[in-house]
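What follows is a short report on a single structure.
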Amino acid sequence: MLDDFILRAGLAGLGVALAAAPLGCFVVWRRMAYFGDATSHAALLGVALALATNIPVIAGVLIIALVMALIISSLSERHVSSDALLGVLAHAGLAFGLVAVSLVPGQRVDLSAYLFGDILAVSSMDVVVIWAGAVLVALLLLARWQALLTATLNPDLATASGGNPKREQFILTLALAVTVAVAIKVVGALLIAAMLVIPAAAARPFARTPEGMALCAMALGGIAVCAGLGASFLFDTPAGPSIVSAAAVFFAFSTALSPAIRSR
Amino acid sequence: MSLIETKNLTLGYGGKIVLRDVSFAIEAGEIVTIVGPNGSGKSSLLRALIGALRPISGDVIRKPDLKIGYVPQKLHIDATLPLTVQRFLNLPKRQNPADIEAALTRAGVPELSQAQMTSLSGGQFQRVLLARALLGKPDILILDEATQGLDQPGAAGFYRQIEEVRRDLGLAVLMVSHDLHVVMAASDRVLCLNGHVCCEGSPEIVADAPEYRALFGTGTQGTLALYRHDHDHAHDHSHEHGHSH
């Protein structure tokens, strides 16, 4: 029989794909890839916060990811956001996180578990928490789908038709923070942004509508989780990076095939 | 009451004032055109009217339940976003398919509903934006340099479409335009901005106003001179895409 830990790992990974794929579509459409990077790298600071204050890691990550995401989105509103600034924030978040974790007194921390994920060690409780977060994100996106799409197209257009693009931006920010918090255990701070961007980008050539792209991204993300875990099991490679590698291979194929798909 | 009225409206971004002390109103069924050089506050005024820009001081008063059809200056759709025209027209509210067909026909592009937004030509794209604005059954159409990026015949065709729509539906139209001959031909009223309202009135009155001539040249032969002048302008402004601040 398949080991329980593999089953839990699969469930955890599928939960992350469920949230990350549709959210990742917005990250791609709105060109927020660096925003995802900065927020997920800052998750390490959240780990340090959790270890220092004895709160659950997921809570620490959620708080810091939310703070970081809010800072970035308020900076971008004031038009000071630039490629360079986001790059600085992304790497500064990572560097300060690493420093902060090493400064936490009293314990030797297995840093690689937070950097690359530790999906094979998720507990049943972790799976429940991951799915709760993932379902929350998916429902949030579903409930606001039309408004989010309109705001993504053009904020002024959304305002003119009675929408509130700032609120939609906040919803995406919140969804991103929750996704980062539930995904850190699965793929680790370094690769969360990859789970957002890669399945969505791989789904693009197959889709004619935004909904089609989100569903396709979910499917590709889910398959990447299974394929990556399988490869990890067979070749004894680290699970999180294997999942992301599988997704990247899908992206390479779909991009190479995209002229043929579009000419259908 | 007026559809939209502003009282002593002052606008700016980040502490820098771009437009001061505008008191202005547009009535049902009117065509009003806003002209002015780059950076004169035209787009800012429109953004304040639709509620996207909060005034530094002064008020914007919209008629209760006013429905605005907004056609933005340029809508960039990222190539990563798959979107058919039909899906686009269903944002933010799902629409009846028959209404969508009617709006596309009204805008002159009935055949495009299954096309991808990113595959449209400039003229088709602006007509789809017009169709979208019409779907909300607006009381007023607000167009922000809607013909930017179109060649002269394309722009003329688009304005004919607007005029036809207004004639059939009787809605008010407020537009920012660089096409001065269109201003002369089609508007009931012209508002000339340059950081403030420098002149306002019927096209003939504005064309003769010294403030307007100071901005747009001193044509002495009325519309014809303005028309000629416009050719210079088409060149002057052909590289100003995305200039909205």
For the range B:143-216 and the range A:194-255, what is the centre-to-centre distance using only Cα atoms, to the nearest Å? 51
Would you compute the Debye intensity of the range A:80-185 from its alpha-carbon atoms alone, equal scatterers and no solvent, and pass along log10 I(q)/I(0) at q = 0.13 Å⁻¹ to two decimals? -0.72
Karplus-derived 3J(HN,Hα), 6.51/-1.76/1.60, for each residue of the range B:51-56, Hz, glycine and proline x: x, 8, 10, 7, x, 6
What's the magnitude of the charge dipole for the range A:108-167 around its Cα centre, counting Lys and Arg as +1 and Asp and Glu as -1 at the beta-carbon? Answer in Debye, nearest 20. 260
B:M1-B:R167 FRET efficiency (beta carbon distance; Förster radius 35 Å; 0.05 resolution): 0.90
Ranked on Cβ counts within 10 Å of their own Cβ, fewest leading, A:I192, A:I261, B:I31 go A:I261, B:I31, A:I192
As a test of the formula, what do you get for chain A when each DSSP H run with n ≥ 4 contributes -39,500 (n - 2.57) and the sum is divided by the residue count, at 222 nm and rounded to the nearest 500 deg cm²/dmol? -27500 deg cm²/dmol
List the residues, sorted by chain then number, that are 5 or more residues from B:C198 or on another chain and whose placed amide H is less than 5 Å from its amide H. B:C192, B:L193
Can you give me the long-range amide H partners of B:Y70? Hydrogens built in the peptide plane at 1.01 Å from N, cutoff under 5 Å, separation of 5 or more residues or another chain. B:I142
Interchain or sequence-distant (5+) residues whose placed amide H lies within less than 5 Å of the amide H of B:S57 are B:T10
Divide, for chain B, the radius of gyration over alpha carbons by 2.2 N^0.38 Å, where N is the residue count. 1.00
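How large is the Kirkwood hydrodynamic radius of the range A:1-77, in angstrom, based on all distinct alpha carbon pairs?
Numbers: mean 1/r = 0.0707 Å⁻¹.
Computed over Cα pairs of the range A:1-77, the Kirkwood hydrodynamic radius comes out at 14.1 Å.
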Backbone HN-Hα couplings from phi across the range B:89-96 [Karplus 6.51/-1.76/1.60, Hz, Gly and Pro as x]: 6, 8, 10, x, 10, 4, 10, 5
Approximate spin-label separation A:M125-A:T255, in nm, with each point projected 7 Å along Cα-to-Cβ: 4.1
Connecting every pair of Cα atoms under 10 Å apart in chain A and solving the GNM, the largest mean-square fluctuation among A:A224, A:A84, A:A138 falls on A:A84
Can you tally the lysine pairs in the protein assembly as shown where the Cα-Cα distance is under 18 Å and the two residues are eight or more apart, or on different chains? 8
Share antiparallel - DSSP beta bridges, chain B, percent rounded to 5: 50
Can you give me the distance in nm between label points at B:D59 and B:S121, each placed 7 Å from the Cα along the Cα-to-Cβ direction? 4.8
What list do you get for A:F206, B:F158, A:F96 if you sort them by fewest beta carbons within 10 Å? A:F96, A:F206, B:F158
Options A:A200, B:G51, B:G122, ranked by Cα towards positive dipole end of the protein assembly as shown, top entry (Cβ charges): A:A200
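What is the ratio of the Cα radius of gyration of chain A to 2.2 N^0.38 Å, with N the residue count, to two decimals?
Values: Rg = 18.0 Å, N = 264, 2.2 N^0.38 = 18.3 Å.
Its radius of gyration relative to the 2.2 N^0.38 Å reference: 0.98.
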Send over the per residue convex hull volume for the range B:44-137, Cα only, as a whole number of Å³. 114
FRET efficiency, 1/(1 + (r/R0)^6) with R0 45 Å, evaluated for B:A214 and B:A102 via beta carbons: 0.50
For a footprinting-style exposure proxy, rank B:H76, A:H41 by other Cβ within 10 Å, fewest first. B:H76, A:H41
When the C-alpha atoms of the range A:55-142 are aligned to their principal axes, what extent does each axis show, in angstrom, from largest down? 44, 40, 21
Taking 51 Å as R0, compute the FRET efficiency from the Cβ-Cβ separation of B:E27 and A:A132 and round it to 0.05. 0.40
Evaluated over the range A:126-264, the Cα radius of gyration and Dmax, each in Å: 16.6, 55
To the nearest 20 debye, the range A:68-196 has a Cα-centred charge dipole, built from +1 on Lys and Arg Cβ and -1 on Asp and Glu Cβ, of 160
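Give the average, rounded to an integer, of partner chain Cβ atoms located within 10 angstrom of each Cβ in A:28-36. Don't skip to the answer; put the middle values down first.
Working: counts 3, 7, 3, 2, 0, 0, 0, 0, 0.
Across A:28-36, the average partner-chain Cβ count within 10 Å equals 2.
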Roughly speaking, what is the centre-to-centre gap between the range B:46-67 and the range A:43-65 when only Cα atoms are used, to the nearest Å? 43
Which whole-percent values make up P(r) of the protein assembly as shown when all C-alpha to C-alpha distances are grouped in 20 Å steps starting at zero? 21, 45, 27, 7, 0
Going residue by residue through the range B:140-157, the Karplus relation 6.51 cos²θ - 1.76 cosθ + 1.60 with θ = phi - 60° gives ³J(HN,Hα) values, rounded to whole Hz and with x marking Gly or Pro, of 9, 9, 10, 10, 9, 6, 5, 9, 4, x, 8, 6, 4, x, x, 5, 4, x
What dipole magnitude, in Debye to the nearest 20, does the range B:2-106 give about its Cα centre under +1 on Lys/Arg Cβ and -1 on Asp/Glu Cβ? 280
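Every number in this text was worked out from the coordinates using simple rules, so none of it is lab data. Bear in mind the structure is a predicted one, so any value in this text is a computation, not a measurement. With ideal geometry, Cβ positions are generated from the backbone for all residues, glycine too; neighbour counts draw on all protein chains shown.
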